[in-house]
1. Tell me which of Leu82, Leu47, His71 sits at the most positive position along the dipole axis of the chain, charges placed on C-beta atoms (Lys, Arg +1; Asp, Glu -1).
2. Per DSSP helix of 4 or more residues, -39500 (n - 2.57); summed, then divided by the residues of the chain. What does that give at 222 nm, rounded to the nearest 500?
3. Can you give me the solvent accessible area of Ile63 with a 1.4 Å probe, rounded to the nearest 10 Å²?
4. Carbon-plus-sulfur fraction of the accessible area of the chain, 1.4 Å probe, in percent?
5. Provide the per residue accessible area, probe 1.4 Å, for segment 70-142, rounded to a whole number of square angstrom.
6. In the chain, what is the volume of the convex hull around the alpha carbon atoms, normalised per residue and reported in Å³?
7. Taking H as built 1.01 Å from N, whose amide H comes closer than 5 Å to the amide H of Lys77, not counting residues under 5 places away?
8. What do you get for Rg/Rh of segment 53-119 when both radii come from the Cα atoms and Rh is the Kirkwood radius?
Amino acid sequence: MTETLRNELLHFLVSFALTIAFSSQLGFITSFGICFSFGFFLDLDHLFDYGLYLKNHQKHFNIKDFLSGKHFAKTHKIFVLLHSWELVIFLWIPYLYFGEIAFWAASLALFSHLVVDQVTNKVYLLSYSLLYRLRTNFKHNC
């Protein structure tokens with residue numbers, strides 16, 4: 001099993017555990033939608049980066065190439081716009097002010113996704129800060 005598939009499996013398992021944890025408050029379907037959107041499907045933002053790579057290198061979509069993540073090093077940029085500690089904080093605000101449990105579930109799912117990525121990708125702590133990436137012009141390995 002590749003490292004990418006292992007990471008995705010871990011995202012899946014954590015998202016499923018959060019789905020179960022929030023099911024009693026939100027119902028299974030709502031909990032599933034929120035936890036999987038922010039904990040597992042969040043990686044769909046990688047398609048943006050991969051699309052830029054394909055455009056700049058005049059290549060066609062290849063699932064193995066996409067899953068490898070090597071396109072980040074080739075473009076020297078990494079956008080992953082939804083991978084952001086700031087978004088976690090943004091999602092906490094409605095929960096703190098209004099007690100809306102759905103925002104707590106979303107922020108916790110995103111937080112867990114970022115923690116898994118932070119540990120498994122062994123990147124600089126601020127690598128998942130959108131403000132930091134903006135400041136460094138989205139350079140890869142900053």
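1. Selected residue: His71.
2. Taking each H run of at least 4 residues, the total per residue is -22000 deg cm²/dmol.
3. 100
4. Details: 6020 of 8610 Å².
Answer for the chain: carbon and sulfur cover 70 percent of the accessible area.
5. Details: 4320 Å² over 73 residues.
It amounts to 59 Å² per residue over segment 70-142.
6. For the chain, the hull spanned by Cα atoms encloses 109 Å³ per residue.
7. Residues meeting the amide H criterion: His140.
8. Details: Rg = 16.3 Å, Rh = 14.2 Å.
That ratio is 1.15, to two decimals.
The values are calculated or read from the model by the stated rules, or taken from the named source; none is laboratory data. All values reported here derive from a predicted model rather than from experimental measurement. Methodologically, a virtual Cβ is constructed for each residue, glycine included, from the backbone with ideal geometry; neighbour enumeration extends over all protein chains shown. With ligands, DNA and RNA removed, areas are computed over all heavy atoms of the protein, side chains included. Shrake-Rupley method; radii C 1.70, N 1.55, O 1.52, S 1.80 Å.
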